[in-house]
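Asks: Just passing along the structure, written as C-alpha cells.
What follows is calculated from the coordinates using simple rules that are stated; it is not laboratory data. What you see is a predicted model, and the numbers here were worked out from it, not measured in a lab. Cβ coordinates were reconstructed from backbone atoms using ideal geometry, including for glycine residues, and neighbour counts include every protein chain displayed.
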Amino acid sequence: MTGEPLPAPQRRIVLVVACALVDADGRILLAERPAGKTLAGLWEFPGGKLEPGETPEEALVRELREELGIETKVPCLAPLTFASHSYDDFHLLMPLYVCRRYEGTPRSNEGQRLKWVRARNLRDYPMPPADEPLIAPLMELL
C-alpha cells in the first residue's frame, strides 16, 4: 500500500432545473411522471435537462413553454435552493427556482397529470428522492 487515496468512481453529473410555479392563491404546481418514464407515478416540480449552451434559467423558460404551454422570462425566476442526489448510475444536481409571474394557463403538453398543491401538503405526494429535500424551503417560503 502506498497510502494514496483510491480514485473516486466515475459517475456522470446530470444538471436539471426545476420550478416551483406558484399561482395567485399561493399553490405550487406538481406534475406526475407519466407511465413509461423512469419513476413513473411520482410527482415532481416541472423542469428538465439543460441543452448545450443553455443557462439553467434559459432551460427553465424553454421547459415551461414545452411542458406546460406558459411563457415566462428569466427575471421572473428566483433561485431558492438546490438538490444534490446520487442515483445508482449518475449524480443529479437540480437548482429550484420560484416563479410567480408567467403568462397563460398551465396545461399538460406531455401527457402528465398536473395538480396545484399548497406547500404544507407537498409531502402528501410521493416524489423522486431528489425532489423531497426541496419541500422544506418551499414550506418556509409559502
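Asks: How large is the Kirkwood hydrodynamic radius of the chain, in angstrom, based on all distinct alpha carbon pairs?
Replies: 15.9
Asks: Right, next: Taking the 0 to 90 degree range and rounding to the nearest ten, how far is the long axis of helix 56-68 tilted relative to the main principal axis of the chain, both from C-alpha atoms?
Replies: 50
Asks: Normalised by the number of residues in region 30-83, what is the relative contact order in percent for Cα pairs under 8 Å and 6+ residues apart?
Replies: Numbers: 47 pairs, mean separation 11.7, N = 54.
Worked out over region 30-83, it gives 22 percent.
Asks: Sticking with this structure for a sec: Which percent, to the nearest 5, of DSSP beta bridges fully inside region 12-141 are antiparallel? Present the calculation step by step, with values, prior to reporting the outcome.
Replies: Values: 20 of 28 bridges.
Roughly 70 percent of the beta bridges in region 12-141 run antiparallel, per DSSP.
Asks: Full extension from GLU71 to TRP116: what is 0.36 nm times the residue separation minus their Cα-Cα distance, to one decimal in nm?
Replies: Values: separation 45, 0.36 × 45 = 16.20 nm, distance 1.79 nm.
Result for the pair: 14.4 nm of gain on full extension.
Asks: In debye to the nearest 20, how big a dipole does the chain give about its Cα centre with +1 on each Lys and Arg Cβ and -1 on each Asp and Glu Cβ?
Replies: Working: 17 positive and 21 negative charges, 73 e Å.
So the magnitude is around 340 debye.
Asks: Here is a follow-up. Enumerate the residues in region 96-110 having an amide nitrogen under 18 Å from the point lying 7 Å beyond the Cα of ALA24 toward its Cβ.
Replies: Flagged as within label range: 99-107.
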